[in-house]
Amino acid sequence: MNKILLPIIFSVLLLSSCEDFFTPVQKGNVPEEVFYTELNNLRLGLNSVYDIMQSKNYQLSELIFGEAISDNCWNGEDVEVNEVGQLLNFQFDTDNPYILTRYAVNYEGINKCNQIIRSIPYVKYRQNGSSEKEIREVYGQAKFLRALFYFNLVKTFGGVSIMPEKQTLNSLIVPRSTLDETYAYIEKDLRESLQIIYRGRYQYEDAGQAGIGAALGLLLKVLVYQASPGIKLQTVSHDAKWQEALEIGKFFIEGKDITINQLLKFDSRYDETWAELSKRLFLESTTTPETVIAGQQVVNIHQLDQFDRIFRVIGEFSAESLFEINHFNYSAAGISGEEGWLLNGCITDNSAGDVIAITPSSDLKDQFANDPREIYTLSGRTINDYFKQENTSPSIGWFGIGNSLLFTKFYVFPSEGTPKVRNYRVMRFAETLLLYAETLNEAGESRKAIDYTNMIRKRARKLLDPTNPNAKYNASVSSANFKDLEYAPYDIVRDAIRKEKRIEMAGEFDRWFEICRLGIVAERMAFISNNPPVEPSGQTRIRGKYFKKGVNETFPIPQKEVLISNGVITQNFGY
Amino acid sequence: MKSVIFFIKSVLLSCIFASCSSDSFISDIYIEPNATFTINKTEYDVHESVFFTKTGQGQKFVVYPGDSLHRYNQPFNTGYSTASNGTFSYAYNEPGVYTAVWVASSINENGEIIKAIDSTQINVVAKDGGLEKFVIFNTYKMTEYSGSVFFSSYGEFISEDTILCPILFDAWRTSTTVNSIKAPQLINFSLSSTLSKFYWIENGIEREIQSGLTSSRIVKFLVDGKLAVQNFVVKTASGIISEYHVAPVIIPKMTKFSINGVNGTITRDIAYYNKYNVTITLPAGTDLSNVVPTFEIMNNDVNLVGNNIEVSVNGVIQTNGTSAINASGKTVEYKIKSFLLGSDNKKLLQESIVTVNFQ
């Protein structure tokens with residue numbers, strides 16, 4: 001009998017132990033919502049977001065979609081039958097990997113920002129208040145960065161999925177928000193970040209983090225985009241957005257005081273009570289909607305620097321830089337180049353070959369007639385002596401593409417280090433001034449608009465000043481012919497500001513989005529289609545020929561995303 | 001014993017090979033192809049997405065949308081595989097009637113590809129070939145600016161088919177060749193479809209013009225010496241015709257202002273097309289509370305001025321040489337309304353503000 005019973009008893013015991021064995025207690029598991037409970041961990045999380053912006057994937061995406069595809073450029077890949085060529089010629093399909101990368105890299109950033117934001121309530125802080133301020137400033141940067149990633153997406157794809165800050169398995173697929181809703185979300189993030197982000201400019205060892213200048217500059221840009229004719233919002237009037245842009249510009253550029261309510265639009269846009277909002281944003285207890293922020297706190301944070309200095313290594317993190325990503329030629333891991341700038345091969349020197357080689361179009365060059373900024377921006381086959389100061393054969397580029405021109409803006413002199421040390425400038429104060437000038441003109445203040453635009457031109461004219469040692473390299477440009485703009489009616493001022501911006505920001509990954517928001521992308525694509533370069537190689541470029549008006553202003557949602565969501569995430573019109 | 005084992009092994013081996021030679025499992029999973037499919041609408045705009053969805057069955061589906069290079073059974077033409085769930089979307093670049101072919105296929109037990117085919121007609125029309133932008137470009141070189149700064153007239157839609165183009169009075173010059181609204185004009189325009197064409201109607205004849213091309217500098221707004229509404233037509237590739245009317249209306253200018261024989265100096269506010277300043281210095285002791293100015297609008301040119309001009313101060317209509325004003329505040333603001341001469345359309349209106357400063 002025992003021979004039967006004993007095996008049965010042992011078996012039962014053995015099998016009952018299996019349940020515990022297969023459902024072990026997880027040790028060391030950190031609940032997702034409290035991933036960053038320590039301030040230092042929160043900072044590490046923030047660093048991981050900046051790391052995305054430092055990546056080649058992110059910056060290459062900005063280069064391709066912001067510059068290469070625009071009317072500023074002819075590219076080596078215009079004539080290639082590969083996926084870059086298909087993209088540049090608007091003959092891509094919805095599986096194009098560069099479209100997918102742009103989508104994915106920005107959502108990666110959003111996801112990391114969301115991790116930080118949802119952890120904020122759980123971070124331990126000391127009671128003396130100092131850590132609370134630090135937490136708030138990390139929080140402000142996370143909101144600013146999330147807004148920037150969504151802005152990249154909305155400019156490229158139109159309305160996109162707004163990912164919930166707290167994600168569950170049931171919320172991985174989120175239907176797309178409308179264009180209006182997406183812009184409203186971005187704007188809200190930026191307006192809230194203004195309450196908590198560092199009210200100054202990070203310098204020295206802290207340089208590279210976004211301060212209030214970055215958030216104000218981006219908010220102004222987002223408002224101007226919403227007001228622009230090429231952005232077809234359904235529920236918001238363009239005039240209202242010009243007025244909001246004016247309000248922010250007066251605060252940031254002119255130093256006019258502003259209330260918290262004006263910055264947040266708390267009275268009209270919030271369902272939360274002030275107490276709830278105050279708790280969520282970690283605001284100081286004394287802050288109310290009526291609290292006034294003095295414009296003097298922000299007006300002097302950023303200024304224009306010398307044009308022949310801002311793109312040099314010595315000009316990194318200058319007062320003109322609103323937001324800049326650091327690069328250097330070493331890493332904590334001791335691997336040379338891990339943190340380096342990796343776009344040199346796409347812009348300044350493609351001799352080693354890279355994904356894409358961008359060159360300026362002659363149409364862009366023509367804008368620079370008698371403009372001292374030309375030699376610092378682009379070059380023909382004869383490279384200016386300015387770049388030969390240290391090396392008679394500087395490592396600038398390749399010839400024979402398009403109009404045989406080159407971008408020189410990002411050249412790094414040998415004495416400055418390798419090209420890998422070059423920082424990536426995301427936003428400059430000069431752009432903000434021109435956005436404000438545009439806003440003023442739209443608001444009927446064309447004289448003031450000209451005054452601000454002339455600040456940019458006066459700065460450029462200093463390149464010709466006899467006291468400037470670099471003036472000798474600009475001998476062919478006459479100071480007398482490089483004049484300030486004159487006061488003029490609205491349409492002339494509008495066109496002058498547009499031209500000024502194209503010159504000032506040439507090669508800075510913004511042109512495509514600029515012509516889209518202005519509603520002139522179709523005519524610009526028709527222009528490059530009708531004015532292809534005559535190349536020694538005899539290659540025929542068809543850029544612009546297949547641009548489909550009403551369709552290609554936005555790119556398709558990656559097909560993979562549409563399929564995975566089983567159609568919940570809908571495709572854009574025309575794809 | 002060995003022979004028994006050998007026999008058993010042989011039987012088992014035969015069974016294995018026998019099972020291998022049968023493709024019965026393929027016939028079990030074979031799906032008889034049926035190529036029926038649906039599209040989501042009956043008529044589409046150019047570039048509008050057409051969504052195809054399978055309603056039949058098969059192992060694979062390929063779509064031939066029917067436009068150039070994608071026609072079924074034509075040499076060098078290709079089709080598109082559908083997504084794994086049997087859906088496909090496509091957008092046509094040009095209007096037309098396309099035969100979209102849907103091919104469903106499966107492989108049978110003999111390794112043969114069995115196909116089924118279905119097709120449908122897709123009607124694509126250019127619904128909106130309309131005019132989006134109209135600019136009378138570089139009409140007049142403005143001498144008050146250094147360099148080459150031109151006046152261009154940006155058309156404003158005052159109704160669905162009527163565009164008003166404001167014209168600076170300085171462009172009303174005698175030249176009939178260049179630099180004057182009286183000369184043939186260059187038009188910059190934008191149509192919502194790149195396949196549409198744009199025509200100016202001259203004496204009932206359609207003359208195609210292209211945006212910004214010097215060879216298209218043919219459009220005249222002058223008829224019998226007067227500015228007149230011109231008619232234009234947009235024709236879409238699918239034959240839809242839309243007519244537009246463009247009215248050039250001069251922004252009125254006060255060309256003379258005097259009191260008691262003293263002429264004022266008239267200048268345009270350089271930041272506006274429709275704001276003028278008059279500076280007038282009257283003899284000391286003049287009673288400014290009751291002065292009667294004489295004024296002239298657009299040189300009283302009979303081709304511009306008739307019963308279409310209205311001058312007012314604080315809403316009170318002013319009559320040249322008759323109406324008195326109170327200038328004791330040293331500044332008086334005149335408003336000038338100018339309608340298109342000879343037109344009853346009260347929307348064809350331009351207004352100017354003239355600020356008179358008494359020294």
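The values are calculated or read from the model by the stated rules, or taken from the named source; none is laboratory data. The structure presented is a predicted model; accordingly, all values stated were derived computationally and were not measured. Backbone-built Cβ (ideal geometry, glycine too); neighbour counts: all protein chains shown.
Okay, here's what the table says:
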quantity	calculated
Evaluation of residue B:193 against (1) polar (S, T, N, Q); (2) surrounded by 19 or more Cβ atoms within 10 Å (Cβ to Cβ); (3) away from chain A (no Cβ under 12 Å) (one fails), failing number	(3)
Selection from region B:59-81 of residues that are buried (at least 21 other Cβ atoms within 10 Å of the Cβ) and within 24 Å of residue A:560 (Cα to Cα)	B:61, B:63, B:64, B:65
Which numbered condition residue B:342 fails, given (1) assigned to a strand (DSSP E or B); (2) closer than 30 Å to residue B:163 by Cβ; (3) of a type outside the set (A, V, I, L, M, F, W, C)	(1)
Some residue of region A:428-444 being in contact with a Leu (Cβ under 9 Å, 6 or more places away or on another chain), within 14 Å of chain B (Cβ to nearest Cβ), of a type outside the set (D, E, K, R) and more than 18 Å from residue A:368 (Cα to Cα)	yes
Residues within region B:85-141 that are acidic (Asp, Glu), modelled with pLDDT of 85 or more and within 29 Å of residue B:239 (Cα to Cα), tallied	1
Options A:557, A:569, A:564; residue that is more than 24 Å from the chain's Cα centre (by Cα), closer than 30 Å to residue B:86 by Cβ and modelled with pLDDT of 90 or more	A:569
Elements of type helices (runs of 4 or more DSSP H) in region A:463-575, at least 1 residues being facing another protein chain (nearest Cβ under 9 Å)	A:490-504, A:521-530, A:559-564
Scope region A:413-453; condition among the polar types (S, T, N, Q) and assigned to a helix (DSSP H, G or I); matching residues	A:415, A:432, A:439, A:441, A:446, A:453
Search result, residues across region A:409-423 that are closer than 17 Å to residue A:306 by Cα and among the hydroxyl-bearing types (Ser, Thr, Tyr)	A:411
Top-ranked residue in region B:142-156 [being assigned to a loop (DSSP other than H, G, I, E, B) and more than 9 Å from chain A (Cβ to nearest Cβ); ranked as farthest from the chain's Cα centre (by Cα)]	B:143
Residue satisfying all of: in region A:86-122; of a type in the set (Gly, Ala, Ser) and in contact with a helix residue (DSSP H, G or I) (Cβ under 8 Å, 6 or more places away or on another chain); farthest from residue A:146 (Cα to Cα) among these	A:119
Conditions (1) of a type in the set (Lys, Arg); (2) in contact with a Phe, Trp or Tyr (Cβ under 8 Å, 6 or more places away or on another chain); (3) surrounded by 16 or more Cβ atoms within 10 Å (Cβ to Cβ): number failed by residue B:173	(3)
Odd one out for residue A:308 among (1) touching a residue at least 60 places away in the same chain (Cβ under 8 Å); (2) assigned by TED's automatic domain parsing to the domain that holds residue A:188	(2)
Condition check for residue A:450: touching a residue at least 24 places away in the same chain (Cβ under 8 Å), within 30 Å of residue B:352 (Cα to Cα), within 14 Å of chain B (Cβ to nearest Cβ) and crowded, with 16+ Cβ neighbours inside 10 Å	yes
Members of region B:314-338 found to be in a strand (DSSP E or B), surrounded by 19 or more Cβ atoms within 10 Å (Cβ to Cβ) and among the aliphatic types (A, V, I, L, M), listed by number	B:325, B:332, B:336
Unique residue being surrounded by 15 or more Cβ atoms within 10 Å (Cβ to Cβ), farther than 19 Å from residue B:272 by Cβ and more than 10 Å from chain A (Cβ to nearest Cβ) when the list is B:187, B:205	B:187
Long-range neighbours under 9 Å by Cβ, at least six apart or interchain, first residue more than 12 Å from residue B:120 (Cα to Cα) within region B:30-57, second at pLDDT 90 or above and of a type in the set (Asp, Glu)	B:34/B:118; B:56/B:118; B:57/B:32
Selected residue (only one of B:289, B:258 is touching a residue at least 24 places away in the same chain (Cβ under 8 Å), in contact with a strand residue (DSSP E or B) (Cβ under 6 Å, 6 or more places away or on another chain) and of a type outside the set (Lys, Arg))	B:258
Selection from region A:395-412 of residues that are assigned to a loop (DSSP other than H, G, I, E, B), among the aromatic types (Phe, Trp, Tyr) and out of contact with any Phe, Trp or Tyr (no Cβ under 8 Å at 6 or more places or on another chain)	A:398, A:399
Failed criterion for residue A:165 (all others in (1) over 23 Å from residue A:264 (Cα atoms); (2) more than 20 Å from the chain's Cα centre (by Cα); (3) of a type outside the set (Phe, Trp, Tyr) hold)	(1)
Members of region B:80-122 that are away from chain A (no Cβ under 14 Å) and part of a loop (DSSP other than H, G, I, E, B)	B:108, B:109, B:110, B:111, B:112
2 or more residues at pLDDT 90 or above, on the phi < 0 side of the Ramachandran plot and among the hydroxyl-bearing types (Ser, Thr, Tyr): qualifying helices (runs of 4 or more DSSP H) within region A:1-117	A:39-54, A:56-63
Test: residue in region A:207-226 that is part of a loop (DSSP other than H, G, I, E, B) and either over 26 Å from residue A:513 (Cβ atoms) or modelled with pLDDT under 95 (or both)	yes
